[in-house]
Amino acid sequence: MQLLSAYLKHHNTDTELVELIETLMVACKEIALQLREGALAGIHGTTDNTNVQGETQKKLDIISNDILKEVLLDNPLVRGVASEEEDDPVFGNPNGRFLVTFDPLDGSSNIDINVSVGTIFSILEVPEGDAADSVELFLQPGRRQVAAGYVLYGPSAVLSLTTGEGVNMFTLAHTGDFLLTREDVKIPNSTKEFAINMSNHRFWEPAMRNYVGDLLSGSEGPREKNYNMRWIASMVAEVHRVLTRGGIFTYPWDSRDPQKPGKLRLMYEGNPMSMLVEQAGGRSTTCYSDILDVDPQHIHQRVAVALGSSEEVETLMRYHRETPSVIQQ
Ligand code: FBP
């Protein structure tokens, strides 16, 4: 089995990008260790703080954020980082080539119950000609990502990575190395599995209610097949399932907060997961257009997300085209 860095070098990945990915993995290994200790390390529970989204911060959110920030900013290749847990970007070497955005611990409401969580990351290059440290450096559409991925901390720790040439998975071995365990991952085009938080049903758009209603009516309904549902409430785990065996995962717009386009964040959830899914032959959309084409206006911008098996995502988009929208554009 091939080591992560050997695999990337063998496939002629830019050597500085390989170095940056290795740095990211140093931080993720440390997070994996902290998670493994769990209650023994006294790291469960919440802090008295809320993040910029108004959510209570778990102790491990903060610990993971600090680990990633410290390790990344120590690498001179890094111009700056932006995180779910930081109000504003934090800058490092003024001559650094890369920008990294991350959700340090996605699905953190699952930590205390020992269910899978993960780190999601996106890598961009500093745009040419831009001199000053500013948030604008980061506000690039997802199509410009040079790499994206996540580390899922589950029964095993797994890195899913794309550098724009397909998706590969690497498992953390007891030696501390990430070893190639799945090469050129492909998402099946069709599926019988969906993932959505059904408790929000009454807040969805009519198109989403119709779509899910038709899934639930199974072989007797217009989709003419029986669907199964999964909901882990950890986007990393849901996307890992979709990459592994197909499916559709969606966190759509809902009317609880009509001004917000969705719950998930564009720059460190929607974009990196969309790059992975597209690179694995799937589709990723806001329900109306490709997430990777969204022009970001804010670093903590939210986005509606539907991703996975291409035929299923395209069917969902058709429901949205054919049903009048209630969202004020
Ligand atoms: P966090 O980044 O705050 O963990 O929120 C993201 C997330 O946990 C996703 O991983 C998951 O899909 C979703 O929120 C679940 O939210 P809810 O349980 O509120 O529907």
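Points worth noting:
- Taking (1) surrounded by fewer than 19 Cβ atoms within 10 Å (Cβ to Cβ); (2) within 19 Å of residue 19 (Cα to Cα) in turn, residue 172 satisfies each apart from (1).
- Helices (runs of 4 or more DSSP H) (entirely within the range 227-329) containing at least 1 residues that are of a type in the set (A, V, I, L, M, F, W, C) and farther than 22 Å from residue 185 by Cβ: 310-322
- Selection within the range 261-273 - within 13 Å of the ligand (Cβ to nearest atom) and over 13 Å from residue 84 (Cα atoms): 262, 272, 273
- Each residue in the range 111-145 was checked for being surrounded by fewer than 20 Cβ atoms within 10 Å (Cβ to Cβ), part of a helix (DSSP H, G or I) and modelled with pLDDT under 95, and 2 pass.
- The condition of being surrounded by fewer than 19 Cβ atoms within 10 Å (Cβ to Cβ), within 14 Å of the ligand (Cβ to nearest atom) and assigned to a loop (DSSP other than H, G, I, E, B) does not hold for residue 223.
- Filter result (buried (at least 17 other Cβ atoms within 10 Å of the Cβ), in a helix (DSSP H, G or I) and over 19 Å from the mean Cα position of the chain (by Cα)) within the range 66-93: 71, 73
- Residue 63 meets the stated requirement of being at pLDDT 90 or above, farther than 16 Å from residue 159 by Cβ and in a helix (DSSP H, G or I).
- Long-range neighbours under 9 Å by Cβ, at least six apart or interchain, first residue closer than 17 Å to residue 150 by Cβ within the range 5-28, second among the acidic types (Asp, Glu) and part of a helix (DSSP H, G or I): 8/22; 27/70
- Note on the range 229-246: residues that are more than 9 Å from the ligand (Cβ to nearest atom) and either in the same structural domain as residue 119 (by TED's automatic domain parsing) or of a type in the set (Asp, Glu) (or both) amount to 0.
The values are calculated or read from the model by the stated rules, or taken from the named source; none is laboratory data. Here the structure is a predicted model, which means the values were calculated and not measured. For neighbour counting, all protein chains shown are included, and Cβ atoms are generated from backbone atoms with ideal geometry for every residue, glycine included.
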